[in-house]
1. Residue 133: closer than 30 Å to residue 45 by Cβ, in contact with a Cys (Cβ under 8 Å, 6 or more places away or on another chain) and β-branched (Val, Ile, Thr), yes or no?
2. Name the residue, out of 169, 100, 107, that is on the phi < 0 side of the Ramachandran plot and touching a residue at least 24 places away in the same chain (Cβ under 8 Å).
3. May I ask you to verify whether residue 82 is assigned to a loop (DSSP other than H, G, I, E, B) and of a type outside the set (Lys, Arg)?
4. Does residue 175 satisfy the criteria of being assigned to a helix (DSSP H, G or I) and in contact with a Lys or Arg (Cβ under 9 Å, 6 or more places away or on another chain)?
5. When residues of the range 68-78 are filtered for being touching a residue at least 40 places away in the same chain (Cβ under 8 Å), surrounded by fewer than 20 Cβ atoms within 10 Å (Cβ to Cβ) and more than 13 Å from residue 151 (Cα to Cα), how many remain?
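Every read-out reported here was derived from the displayed coordinates using simple, explicitly stated rules and does not represent laboratory data. Nothing here was measured: the structure is a model prediction, and the numbers come from that model. All Cβ positions, glycine included, derive from the backbone under ideal geometry; neighbour counts span all protein chains shown.
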Amino acid sequence: MTARGAAGRCPPTTWLGPWMLLACLLASRSVAEVVSEHCSHIIGNGHLQSLQQLIDSQMETSCHIAFEFVDQEQLKDPVCYLKKAFFLVEDIMEDTLRFKHSTPNAKAILQLQELSLRLRGCFTKDHEEDNKTCVRTFYETPLQLLEKIKNVFNETKNLLKEDWNIFSKNCNNSFAKCSSQGHERQHTGPSDPLLPGFAFRLLVPSIILVLLAVGGLLFYRRRRRSHQESPATDSPMAPPEGSLLTQNEDRQVDLPV
């Protein structure tokens with residue numbers, strides 16, 4: 001068998017291999033460019049305007065609601081903060097931000113939920129993101145909650161424009177640095193500025209009632225003591241035993257007839 005004949009029986013993959021590898025590289029590069037384009041421009045100004053309209057339509061109130069959010073004092077890394085906040089915002093929009101069906105606010109929340117689903121592909125999920133590390137319970141007004149959500153989407157938009165792959169950063173070490181007491185602080189009581197005034201208004205009537213009860217008891221005991229002493233004062237004084245009067249009476253009785 002000649003060399004030419006042997007070469008003729010060689011499988012075509014011997015010369016197609018490099019071309020296939022080059023094609024795969026080009027395809028992966030095109031996919032990366034598509035993902036980059038997707039993540040860099042997925043959050044538009046219209047989404048932020050919709051969020052601002054949602055904020056402006058809220059009634060100003062002093063009522064506070066409870067929600068779990070990232071404790072920025074513990075998690076200072078901006079990228080890891082947003083990675084943690086992103087999944088918490090999804091839960092808040094699902095469980096806390098509820099409006100009457102078919103209203104403009106309800107439609108705005110639905111659009112934001114659809115936006116967060118499209119953004120999921122831009123975040124690599126770390127195994128620490130599902131637990132409560134670096135998270136505590138906040139007690140704030142609905143306006144303050146919506147401002148937090150707007151800041152999350154706005155900062156995410158800015159970072160994705162700078163680097164579409166920025167949220168592939170592994171944040172497990174940053175999450176591990178959060179104090180274990182961070183989650184326990186949510187059980188120590190709300191940081192509601194209205195609570196001291198409410199406690200004061202509740203405490204003052206209680207103190208007044210206690211003082212009135214003590215005063216009434218003292219007054220009753222004093223009246224009772226005065227009633228007990230007054231009969232002894234009004235009745236004639238009986239001569240003490242062993243006095244001269246009683247001795248004279250005894251002597252008169254003992255005299256012989």
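1. Details: closer than 30 Å to residue 45 by Cβ: no; in contact with a Cys (Cβ under 8 Å, 6 or more places away or on another chain): yes; β-branched (Val, Ile, Thr): yes.
Spelling it out, it is not the case that residue 133 is closer than 30 Å to residue 45 by Cβ, in contact with a Cys (Cβ under 8 Å, 6 or more places away or on another chain) and β-branched (Val, Ile, Thr).
2. Working: 100 fails: touching a residue at least 24 places away in the same chain (Cβ under 8 Å); 107 fails: touching a residue at least 24 places away in the same chain (Cβ under 8 Å).
Residue meeting the stated conditions: 169.
3. On the way: assigned to a loop (DSSP other than H, G, I, E, B): no; of a type outside the set (Lys, Arg): yes.
Considered against the rule, which asks whether it is assigned to a loop (DSSP other than H, G, I, E, B) and of a type outside the set (Lys, Arg), residue 82 comes out as no.
4. Values: assigned to a helix (DSSP H, G or I): yes; in contact with a Lys or Arg (Cβ under 9 Å, 6 or more places away or on another chain): yes.
So residue 175 passes the test.
5. Residues that pass the stated criteria total 2.
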